[in-house]
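Below: one structure, written as structure tokens.
The values are calculated or read from the model by the stated rules, or taken from the named source; none is laboratory data. Quantities reported herein were computed from a predicted structural model and do not represent experimental measurements. Cβ sites come from the backbone with ideal geometry, for glycine too, and all protein chains shown count toward neighbours. Only protein heavy atoms, including side chains, enter the accessible area calculation; ligands, DNA and RNA are left aside. Shrake-Rupley method; radii C 1.70, N 1.55, O 1.52, S 1.80 Å.
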Amino acid sequence: MHVEVEHTPGRVTFTLEPGAAERTGRRVELARRSASFLLDVPPGQVHPDLLVVSALLCARPWVHRSTPFSCSVPASRELADAVRSGPRLRLAHVGEGSPRPAPQDGSPGLCFSGGTDSVAALVLMPGTTQSYHLSRQTPEDERRATMMDGRAALQSCEVLRRHRRPVTVVPSDVEYLRNPTGFPHDLTTAVPLLLHADVRRLDAVAWGAPLEATYRLQRGRYRDYAQSPFVAEWGPVLDVLGLPVCVPVAGVSEVVTSAIVHQHPLGEAAQSCVRGPRLGRPCGRCPKCTRKTLLAATVSGRWPGDSALERQWRDREARQHLLAEPMKVEPVLAHGVHRYLAQGGRSDLLRLVAAKAGPDPRDWLVRSYEPALQLLPERYRPAITEEVHRFAPPMSADEEAAVRAYDVTVPDDRRAAAQVELERWMAAHPPRDRARRAWNRARREVRARLGRRRSAPAR
């Protein structure tokens, strides 16, 4: 794979030139050949290593380890070594330049999505934190429709500005490089931050990834965060850039991040739904809305009616999360349904979910897993740790052991029987909103086409 980098006033463009064997990834197709990021950073004000890593994050699904990655911008030897030891890729174009020096008295940057976990991360970070939001920009000639509506996230950025929190919105069509549409890599959301790192003197890169994601509990089994792609794979690369990884919520669950946004004034900026038309109006139908509704009720104690909860979980997408083995983000679901039942809930569906999930893991879900805090950049560790403990006291040794022992992938007769009952209930209660979903999808497609005509393309 070769990537040409062009930095002109107001725009950085990455043009992908794949080899014959690199036109398809393992799961995603290369649908377009170039992606642009719209920003006000003057040409020549981005360190070459930042451009190389940005190019790599745009092209990663189609970069094979057997073939060197080539970029029109030369990388430093130190970056080439880090890419080799981390993602285990080879850089073909290595120059004599020095790596990017970490700025003195810099400030951290946050890859900001507007979701609950992202806002919670910002609450825990220093007041000098600068947020960067990657806003989807649809190319003029693009015909693929999407269910995503980015207006709520942009309104979330406006809330940050009202609270005097600096935030930069960077429009980009990078999600259209691949088919199906989406970010080429989980860390592609950091590209706006990387491109601003020099002019804004950034010295850390942060994400809002909670315990379930960082320790992979949402997949049903514990994996050490230190062995995750955030730390083991891309950590050495970002260290060379002078931007060590900073994930303030890595050791707390979604239950805690929901409590943070429920209590803090910045919480008005949080909306995890990416389909709702505006901030404060989530779609109420997607799986994320369904889980976050349960979470919000768990934290606030204000529960929707039994039929309303069942209607959400019966929807076509949400039901697949319950029928999956393991269930999506199962620790949070287990806690939510047990709290619902303990407070008088009578839904037969959620009673079956509780039977499948087993006991409520509440004790450790509302506390902080301390090993995660040890992986924060040293400069920011004390202050962030203090903020985390304001909302979530440290786990005991037994609770930490329970996190490390978490595994719902082991065959279990009780769980298998509960799964059968859950499947029977779902078969007897199919989704009731197929016509409404078809109508809403048609409206989204029309809105997307109209939006493309009104907006300037990012090429």
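Helix 434-454 sits at what angle to the longest principal axis of the chain, using alpha carbons and giving 0 to 90 degrees rounded to 10? With rounding to tens, the tilt is 20 degrees. Along the charge dipole of the chain, which of CYS71, LEU91, GLY276 sits closest to the positive end, that is, farthest toward it, with unit charges on the beta carbon of Lys, Arg, Asp and Glu (+1, +1, -1, -1)? Going by the charge dipole, the pick is GLY276. What angle do you read, to the nearest 10 degrees and between 0 and 90, between the alpha-carbon axis of helix 381-391 and the longest principal axis of the chain? Computed tilt is about 20 degrees. Of the peptides 405-412, 184-191, 358-365, 271-278, the ranking by mean beta-carbon count within 10 Å, highest at the top, reads 184-191, 271-278, 358-365, 405-412. In this structure, ARG143 and GLU29 have a Cβ-Cβ separation that, at R0 = 22 Å, corresponds to a calculated FRET efficiency of about 0.90. Extension gain, ARG201-ALA405: 0.36 nm per intervening residue step, less the Cα-Cα distance, totals 69.4 nm.
Note down the relative contact order for the range 234-341 as a percent, whole number, built from C-alpha pairs under 8 angstrom at least six residues apart. That works out to 21 percent. Highest mean first, the peptides 109-117, 320-328 sorted by other C-beta atoms within 10 Å per residue fall in the order 109-117, 320-328. As a fraction of the 1.4 Å probe accessible area of the chain, surface on carbon and sulfur atoms comes out at 48 percent. Computed from label points 7 Å out along Cα-Cβ, the spacing between GLN263 and ALA20 is 6.1 nm.
So, in Å, what gap is there between the alpha-carbon centers of the range 43-120 and the range 213-235? Answer, in whole Å: 20. Counting every alpha-carbon pair across the range 157-301, the share separated by more than 23 Å comes to 48%. Of all beta bridges that DSSP places with both ends in the chain, some 45 percent have antiparallel geometry. Its relative contact order, with pairs defined as Cα atoms under 8 Å and 6+ residues apart, puts the chain at 18 percent. Dipole size of the chain about its Cα centre, with +1 on Lys/Arg Cβ and -1 on Asp/Glu Cβ: approximately 2180 debye, rounded to the nearest 20.
Between HIS163 and ARG77, the modelled label-to-label distance comes to 4.6 nm, taking each label 7 Å out from Cα in the direction of the beta carbon. Rounded to the nearest 500 deg cm²/dmol, what is the calculated helix-only ellipticity per residue at 222 nm for the chain, with -39500 (n - 2.57) per DSSP H run of length n ≥ 4? Taking each H run of at least 4 residues, the total per residue is -12000 deg cm²/dmol. Peptides 175-182, 335-342 ranked from most to least packed give 335-342, 175-182, packing being the mean of other C-beta atoms within 10 angstrom over each peptide's residues.
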